[in-house]
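Below is one structure, written out as structure tokens; comments come after it.
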Amino acid sequence: MKNILVTGAVGQIGSELTMSLRERFGNDNVVAGGRKTKPSEKLLNSGPFEIVDCVDAQEIANVVKKHDIDTIYHLAAILSAVAEANPVLAWNVNINGLYNVLEVARDLKCAVFTPSSIGAFGPTTPLDNTPQDTIQRPNTMYGVTKVAGELLCDYYFKRFGVDTRGVRYPGIISNETLPGGGTTDYAVEIYYEAIKHKKYTCNLPAGTFLDMMYMPDAIKAGIDLMEADPTRLKHRNAFNVTAMSFDPEIIAAAIRKHIPEFTIDYDVDPVKKAIAETWPNSMDDSAARAEWGWEPEYDLETMTKDMIEVLSKKL
Ligand code: SER
């Protein structure tokens, strides 16, 4: 029987992943773990909620014991732009938080899913068709914590046999919970602004290509990897996964097919621009496809259609 804890369950990915896991494994078997932000009514009313601050190992252990947890989806993390503004906080949450989760998992025998990111690459990485195994010398605190996290998860598997697995998520586009302080956030905001104001001022310059993915695929990636046959996994932690690659002009053109008056202009954030320049233009995700059957459902066209339908009703 599966008993799952999701840390960061109030965040962009966690809020939707928790609901999908509840549908699949039963409401009472999926504990939403959150910290400061108020959970939505939907999250609160559909299953158990616990306060879990990952920098407090005892708090994690208490919740794991109380609910007899066997699988942790560890989504609590600081995103790239916030990490550059507050590197000490990013190290504490992204590294000490992960270490605590891994230690609890080792002690109490849990499997652990940890997202890495396109941020785990850097300026010396080949940025086109970025290989699964390649140079990783990121120059951001976010990237440093993501590479260290990948290595730490590999170590806990090799040394202690903890069933650690993970993917390198690209920018995730969603319509329920806003992302908090990432470099790829523009690709979410652009849809909200297109519907509300028919125009958007973008903080990354035209020509900035980045990997992206629609939330249903991000959730599928996490669950499919955790359900995959372990004997097939050569790269346990940090599989490249992607669904599409575009720059601001291309996503704007896709939106214009539905909202012809939509316009985009630019007010570039130098910090985000510098971060984005060191991230892949497009990743090679063939290892994920070969080792656990990864295949995204949504491309830019189908995602845009769905985003506009959902957000038009919501806003
Ligand atoms: N979406 C994340 C960020 O922009 C990348 O993993 O920080």
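Here, each number is a calculation from the coordinates, and none is a lab measurement. Since the structure is predicted, the reported quantities are computational estimates derived from the model, not experimental observations. All Cβ positions, glycine included, derive from the backbone under ideal geometry; neighbour counts span all protein chains shown.
Computed quantities for the displayed model
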{"item": "Cα-based Rg and Dmax for region 1-118, where Dmax is the largest Cα-Cα distance (Å)", "result": "13.4, 42"}
{"item": "Signed unit charges on C-beta, dipole axis of region 75-140, positive-most listed residue W91, A81, A120", "result": "W91"}
{"item": "Cα centroid of region 33-84 to Cα centroid of region 271-315, whole Å", "result": "25"}
{"item": "S40-R159 FRET efficiency (beta carbon distance; Förster radius 35 Å; 0.05 resolution)", "result": "0.35"}
{"item": "Integer Hz, Karplus 6.51/-1.76/1.60 couplings in order for region 185-196, x for Gly and Pro", "result": "4, 4, 6, 8, 4, 4, 5, 4, 6, 4, 6, 6"}
{"item": "Positive-pole candidate from C202, N29, W292, dipole of the chain, charges at beta carbon", "result": "N29"}
{"item": "Residues of type lysines that K109 reaches as a straight line, Cα spacing below 20 Å, ignoring anything fewer than 8 places off in the same chain", "result": "K2, K65, K66, K158"}
{"item": "Dipole in debye (nearest 20) - region 108-265, about Cα centre, beta carbon charges: Lys, Arg +1; Asp, Glu -1", "result": "420"}
{"item": "On Cα atoms only, tilt of 300-314 relative to the major axis of the chain in degrees", "result": "90"}
{"item": "Net dipole in debye of region 17-80 [+1 Lys, Arg Cβ; -1 Asp, Glu Cβ; about Cα centre; nearest 20]", "result": "180"}
{"item": "Filtered GluC sites (Glu not before Pro), region 231-301: DSSP coil and at most 13 other beta carbons within 10 Å", "result": "E261, E297"}
{"item": "Among beta bridges that DSSP assigns inside the chain, antiparallel share in %, nearest 5", "result": "10"}
{"item": "Positive-end residue of Y155, Q132, I223, charge dipole of the chain with Cβ unit charges", "result": "Y155"}
{"item": "Once exposed loop trypsin sites (Lys or Arg not before Pro) are cut out (DSSP; at most 15 other Cβ, 10 Å), longest piece of the chain", "result": "110-197"}
{"item": "Whole-Å semi-axes of the chain's equivalent ellipsoid (Cα gyration tensor)", "result": "30, 22, 18"}
{"item": "Of the GluC sites (Glu not before Pro) in region 109-209, those whose Cβ has at most 14 other Cβ within 10 Å and which sit in DSSP loop", "result": "E176"}
{"item": "Computed helical MRE - 222 nm, the chain, DSSP H runs ≥ 4 contributing -39500 (n - 2.57), nearest 500", "result": "-13000 deg cm²/dmol"}
